[in-house]
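Asks: Quick one: structure below, then a few questions.
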Amino acid sequence: MIHLNIGSNLTSIYGSKFDNIAIAINLLIKIKLKIVKISNYYETPSYPNRSYPNFANIGLLCSYDLGYKKLFKEISLIEKKLGRKKSQKNDPRICDIDIIDFNSSVHKDKNVELPHPRAHIRNFVLYPIKEIDPNWTHPIIKIKVDKLISQLAQKSRIEITRLTKSVII
């Protein structure tokens, strides 16, 4: 299975950060991504600059038949369509779609690193995965999601809020 994470902390011409995420999901469906499960929204402060708006993130458990390179290319087009522009690392953004895990593949080139190199230390990635795929194990370090969450700093574990708001697609 494939894990994607979608985040937003800015409004766009399409609406709120929640609208941006819902539109991104609909665009992913149009490229023949098959969604199995969608997590609730999770909210976290912006890092490292907490004066930026909070992020909303969701996790997707899905499948895709055309390979990770094609998916990466399609994701880039979707982000641009929603209005994402090149910016500094950790700046606010309209839409950020990350491939976290692609069928447990391990790969690294100039464009894509699988699994995502920081997936195991990001609360906004791990909590949605725990919700939609509680038996997930990191493909390289072979640690289950519950253990990875327990290894997060306490601050990271308490700074994330599962929202009751669900994605409407």
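Asks: Within region 134-166, which residues have the backbone N less than 17 Å from the label spot 7 Å out from residue 105 along Cα→beta-carbon, could you tell me?
Replies: The answer is 139-140, whose backbone nitrogens lie closer than 17 Å to the label point.
Asks: Quick check: from the Cα gyration tensor, does region 71-169 come out rounded (a/c under 1.5), prolate or oblate?
Replies: Oblate.
Asks: Moving on to the next point. Which of [x] 149; [y] 121; [z] 111 is the computed volume of the Cα convex hull per residue in Å³ for the structure on display?
Replies: Answer label, from the structure shown: [z].
Asks: Here is a follow-up. Can you give the helix-only mean residue ellipticity at 222 nm for the chain, where every DSSP H stretch with n ≥ 4 adds -39500 (n - 2.57) and the sum goes over all residues, rounded to the nearest 500 deg cm²/dmol?
Replies: Estimated from H runs of four or more residues: -8500 deg cm²/dmol.
Asks: If we count trypsin sites (Lys or Arg not before Pro) as exposed when they sit in a DSSP loop and have at most 10 other beta carbons within 10 Å, what is the longest stretch of the chain that avoids them all?
Replies: Within the chain, the longest run free of exposed trypsin sites (Lys or Arg not before Pro) spans 1-49.
Asks: For the pair residue 154 and residue 35, what calculated FRET efficiency results from E = 1/(1 + (r/R0)^6), where r is the Cβ-Cβ distance and R0 = 35 Å, to the nearest 0.05?
Replies: According to the calculation, E is roughly 0.60.
Asks: Which whole-Hz ³J(HN,Hα) couplings does region 111-118 yield from phi under the Karplus relation 6.51 cos²θ - 1.76 cosθ + 1.60, θ = phi - 60°, glycine and proline marked x?
Replies: 9, 10, 10, 10, x, 3, x, 10
Asks: In addition: Report, in order of residue number, the helices in the chain meeting two criteria: a C-alpha extent of 18 Å or more along the helix axis, and a mean Kyte-Doolittle hydropathy of at least 0.5; treat each whole DSSP H run as one helix.
Replies: Those that clear 18 Å and a mean of 0.5 are 17-30.
Asks: Need one word for region 1-54: rounded, prolate or oblate. Basis is the Cα gyration tensor (sqrt eigenvalues a ≥ b ≥ c); a/c below 1.5 gives rounded, then a/b vs b/c decides.
Replies: Oblate is the answer for region 1-54, as a/c is 1.5 or above yet b/c matches or exceeds a/b.
Asks: If you average the sequence gap of Cα pairs under 8 Å that are 6 or more apart and divide by the length of region 2-162, what percent do you get for the contact order?
Replies: Relative contact order here is 28 percent.
Only the coordinates and a few stated rules stand behind these numbers; no lab work does. Keep in mind the model is a prediction, meaning the values are calculated, not measured. Cβ: placed from backbone, ideal geometry, glycine included. Neighbour counts: every protein chain shown.
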